[in-house]
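**Student:** Below are the structure tokens for one structure; questions will follow.
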Amino acid sequence: MRVLIVGAGIGGATAALSLHAAGITDVTLLESVSEIRPLGVGINVLPHAVRELTELGLGEQLAATGVATSDLTYVNRQGQKIWNEPRGIAAGYNYPQYSIHRGRLQMLLLDAVKERLGANAIRTGCRVLSSTTNGDVAELTYQRGDERITETADLIIAADGIKSAIRAEWFPDEGPPQWNGLILWRAVSRAKPFLSGKSMVMAGDREIRFVVYPIEDAAADGTQLINWVAEKDLSGADGSNFDWNKAIDRSVFAPAFAEWNYEWLDIPALIESAEAVYEYPMVDRPPLESWIRGRVVLLGDAAHPTYPVGSNGSSQAIIDTRVLAYALATMPVDQALEFYQNERLPKTRELQKLNRAMGPERVMQIARERAPEGFADIHDVVSPAELEEVAANYKRVAGFDPSILNSQPSWSAHISTAGVS
Ligand SMILES: Cc1cc2nc3c(=O)[nH]c(=O)nc-3n(C[C@H](O)[C@H](O)[C@H](O)COP(=O)(O)OP(=O)(O)OC[C@H]3O[C@@H](n4cnc5c(N)ncnc54)[C@H](O)[C@@H]3O)c2cc1C
């Protein structure tokens, strides 16, 4: 089976590895940028996605590249604790959660693609324009320099992100991603570790928020590379820039966080010490009814872009790839695509909805509404049962409830043993 994958991001690269592991080795990635660089700042790979990458043989590389997050704490603007929970192994999962630099994760995946499928499996400078299906044959047209090229395959996987050309071709009236009025400013800073040195902290509420976690273990000088995201409601400003790499002057938002210096975490100092800050609006797209057109299928952000809330963007893309590869190894192609869609579309649709309602971070908004000036004890304003229900419900929907994940059968399958041609 010949497969063309559009986009060599985290979804596309993992799709190539998942197909290869399933015995589908005639796979080519077409990427629009001419040189793939390790772009982005920190992201989180949740235990359910770490399990999939571990089954792809990448567990050691992940452990050497990221930080195994041990706990997550929500605090209000004043730095008072609302909720704290263990994460990864400490939370009872068989697999860790990793906080990791997005670009370094992408490079780790692409290095594995080159090693396993050969360097020719990745073609850069190929901007995909359109696709069609005739019977069992899919056709993909792309621009490479001055040349317009059309190639055929048995399957095309569109993993071309939130601005997917294939999705735009299918839904020409969909327009740009939808913005909720929040702007995110993202950066990394080098600073002394805070809390356990493997902790993630979310401070604030719906109107203004700061998320922070380390993405490398401490260096010899005792400092750590710390990822942070400042968020503020700027409804009425320009939310139409969807470039992940737009650098911005920190004076736009730093004054809003000037008082956020807690004894255990100095947020103004973190903002001050960042080398560069990038701006991105909080955008998503509404769920689709179908991800399949003949022999073309959407995957990752092209299929289900959600707000970057609850650490799910990369994790859900990784799981997509494993389910799709499992299905292709064990079923005829058309049936496999249906299986993949039936398994993944309802789950990601629920997640998109939940993320619009702030996901697990809803506890921060509840605390803000009930005690805007702070509290002596969080249980004076929110009951333990209410706090626990928000966290547990999100884990159930996002598919990382420890008991479900630990007992779930593996998505590993191989075409030779499954007997599908
Ligand atoms: C440069 C960049 C930086 C990012 N930084 C962050 C971050 O800091 N934090 C965060 O939470 N998320 C970030 N993201 C998004 C995050 O990577 C995704 O939400 C998640 O990993 C799902 O990945 P994906 O593979 O579906 O999409 P993406 O990671 O967006 O990958 C899509 C890939 O497709 C390529 N592509 C797009 N159009 C075409 C086309 N027409 N033809 C061929 N190739 C095409 C893109 O260049 C890209 O490599 C970033 C994405 C990008 C592209």
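Each value in this text was obtained by applying a stated rule to the coordinates, not by laboratory testing. Because the structure is predicted, anything quoted here is derived from the model rather than measured. Don't worry about glycine lacking a Cβ; one is built from the backbone with ideal geometry, like all the others, and counts go over all protein chains shown.
**Student:** Separation between the Arg148 and His414 pseudo-spin-labels, each 7 Å from Cα along Cα→Cβ, expressed in nm?
**Tutor:** So the two model labels end up 4.4 nm from each other.
**Student:** Now a separate question. Can you tally the lysine pairs in the chain where the Cα-Cα distance is under 28 Å and the two residues are eight or more apart, or on different chains?
**Tutor:** Count of close lysine pairs: 21.
**Student:** Still on this structure, please answer the following. Given the alpha-carbon gyration tensor of region 252-394, what are the semi-axes of its equivalent ellipsoid in whole angstrom, ordered largest first, with each equal to the square root of 5 times an eigenvalue?
**Tutor:** Details: eigenvalues 299, 85, 31 Å².
Semi-axes from the Cα gyration tensor: 39, 21, 12 Å.
**Student:** Just to check, using Stokes-Einstein with a Kirkwood Rh over alpha carbon pairs, what's the diffusion coefficient of region 106-156 at 25 °C and 0.890 mPa s in µm²/s?
**Tutor:** 197
**Student:** On to the next question. Taking a ≥ b ≥ c as the square roots of the Cα gyration tensor eigenvalues, with a/c under 1.5 meaning rounded and otherwise prolate when a/b beats b/c, else oblate, which class fits region 152-264?
**Tutor:** On the way: a/c = 2.95, a/b = 1.58, b/c = 1.87.
Cα axes put region 152-264 in the oblate bin.
**Student:** Counting only other residues whose beta carbon sits under 12 Å from that of Glu216, what net charge do I get with K and R as +1, D and E as -1?
**Tutor:** Around Glu216, the charge tally is +2.
**Student:** Build a GNM of the chain with springs between Cα atoms under 10 Å: which of Leu234, Leu184, Leu29 gets the top mean-square fluctuation?
**Tutor:** For the chain, modelled as a Gaussian network with Cα springs under 10 Å, the answer is Leu234.
**Student:** Between beta-carbons, use under 10 Å as the cut-off and find the net charge around Ser189, counting Lys and Arg +1, Asp and Glu -1. If you can, show how the numbers build up before the last one.
**Tutor:** Working: positive: Arg190; negative: Glu272, Glu275.
Computed value for this residue: -1.
**Student:** Any idea what log10 I(q)/I(0) is at q = 0.24 Å⁻¹ for region 363-413, Debye with uniform C-alpha scatterers and no solvent?
**Tutor:** Treating every Cα as an identical point scatterer, log10 I(q)/I(0) equals -0.88.
**Student:** Check every DSSP H run in the chain and write down those whose alpha carbon atoms cover 24 angstrom or more along the long axis and whose mean Kyte-Doolittle hydropathy is -1.0 or greater.
**Tutor:** 313-330
**Student:** Rounded to the nearest 500, what is the chain's calculated 222 nm mean residue ellipticity when only DSSP H runs of at least 4 contribute -39500 (n - 2.57) each, over all residues?
**Tutor:** On the way: 12 runs with 133 residues, N = 421.
Here the helix-only value at 222 nm equals -9500 deg cm²/dmol.
**Student:** Using a 7 Å offset from the Cα along the Cα-to-Cβ direction at both Arg116 and Glu338, what is the distance between the two label points in nm, to one decimal?
**Tutor:** So the two model labels end up 2.9 nm from each other.
**Student:** Go through 284-291, 335-342, 408-415, 15-22 and give me the packing order, highest mean Cβ count within 10 Å leading. Write out the running numbers ahead of the final one.
**Tutor:** On the way: 284-291: 16.5, 335-342: 18.1, 408-415: 14.4, 15-22: 25.6.
Taking the mean over residues of other Cβ atoms within 10 Å, the ranking is 15-22, 335-342, 284-291, 408-415.
**Student:** Report, please, the projected area of region 183-222 averaged over directions, based on the convex hull of its C-alpha atoms, in nm².
**Tutor:** Over all viewing directions, region 183-222 projects a mean Cα-hull area of 3.3 nm².
**Student:** Going by average Cβ neighbours within 10 Å, how do the peptides 173-181, 160-168, 265-273 rank, with the highest at the top?
**Tutor:** 160-168, 265-273, 173-181
**Student:** Sort all Cα-Cα distances of the chain into consecutive 10 angstrom bins from zero, then give the percent of pairs in each bin up to the one containing the longest distance.
**Tutor:** 5, 22, 32, 25, 12, 4, 0
**Student:** Distance in nm between label sites at Lys81 and Arg370, each 7 Å beyond Cα in the beta-carbon direction?
**Tutor:** 1.8
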